[in-house]
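Worksheet: one structure, shown below.
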Amino acid sequence: MDPAYYSEYYRNEREHWWFRARESILRGQLQRARRLGRIPSRAKILNIGAATGRSSEWLAEFGDVTSLEYDADCCRLTRERTGLDIVEGSILELPWPDASFDLACAFDVIEHVEDHVLAAREMRRVVRPEGMLFVTVPACSYLWGEHDAINHHFRRYSLRELRRLFQDCEIVNCCGFNSLLFAPIAAHRLTRRLIDAVRPRRERTLQSDFNRSRFPFLDPMLEGLFRAERGWLDHGYGPPWGVSAMLIATRR
C-alpha cells in the first residue's frame, strides 16, 4: 500500500462494510476449527500482514497473537494507534524457528508477494505438525482492476492455483467467498476496464474498491448480504466462485 493510504486503511478495517463482513466470516471459520479440534482453545497464532491491526485484535479471541507487518510506516502507525507489539518483517523470511505456532494466518497477503511459493513454504515451516494455515486471497484473474494496481498486487487466484500453492499440506477447505455480490462486483470491474480502455491515460485516477463502494444508504444491505454467506461457510461448504477465495489447511 502507499503510505498515504494507511490512515484511510485504518478506518476501513474498522468501519467499511466489506471488512466488517469479512471479519465475521473469518471469525466463524476459526470458531468452527476450534470446535473440531484443529486449533487448541488458546492457540499460538501468527498473523502475517497485520496491516493496521484490526485482524490481530479479533484474533486475540482465539489465543496469543504475534503480529507481523512488512512496511515500516504501517508498523509505526499501528503501534501508535493500537498499542500492538507488531514485528516488522517479511513473510519470505519469518523470524521464528520451525514449528513455533498452532495457527498461521495471511489474510489478503500473498498476492502482494512476487515469490508466493517461498511465502507458502515459510508459512508451513513455522506451523507445528498438524497445525493450521488460514489464507485468503483475491480471486479470478479476469477481475483484475485498479484496486489491484493501487494495492500493489502481483496476481489474483483461481482455486486450483491456491490449492497448488499449498499442495504439501492437507487441504481442509478451499472455496470462494463474497459470492452473493460476485455478479455486481464483476460487472463494475469489467465496466471500469472498458471505460479505461477508451479514456486517455492522463485523465485516469486510481481508486481502491473501498473508496468506490461507499454508499451509506446501501452499506447495511451490502454488509448483510456478505455476512449471510456464513450460513453455509460455517458448515464447511463454499461455492467454487467468489470475489475472494479462502484456504484452510493443516501441515502434514
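The values are calculated or read from the model by the stated rules, or taken from the named source; none is laboratory data. Please read all numbers here as calculations on a predicted model, not as lab measurements. No Cβ is skipped: glycine too gets one built from the backbone with ideal geometry, and neighbour counts run over all protein chains shown.
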Complete set of residues in region 220-252 that are acidic (Asp, Glu) and within 24 Å of PRO40 (Cα to Cα): ASP234
Residue under question is ARG212, and the condition is that it be at pLDDT below 90 and surrounded by fewer than 16 Cβ atoms within 10 Å (Cβ to Cβ); does it hold? yes
Are any residues in region 137-152 modelled with pLDDT of 95 or more and either assigned to a loop (DSSP other than H, G, I, E, B) or touching a helix residue (DSSP H, G or I) at 6+ places or on another chain (Cβ under 7 Å) (or both), and if so, which ones? VAL137, PRO138, CYS140
Of everything in region 95-111, what is crowded, with 21+ Cβ neighbours inside 10 Å and farther than 16 Å from LEU247 by Cβ? Give them in sequence order. PHE101, ASP102
Output the residues belonging to region 26-41 that are surrounded by fewer than 21 Cβ atoms within 10 Å (Cβ to Cβ) and either over 25 Å from PRO129 (Cβ atoms) or in contact with an Asp or Glu (Cβ under 7 Å, 6 or more places away or on another chain) (or both). ARG27, GLY28, ARG32, PRO40
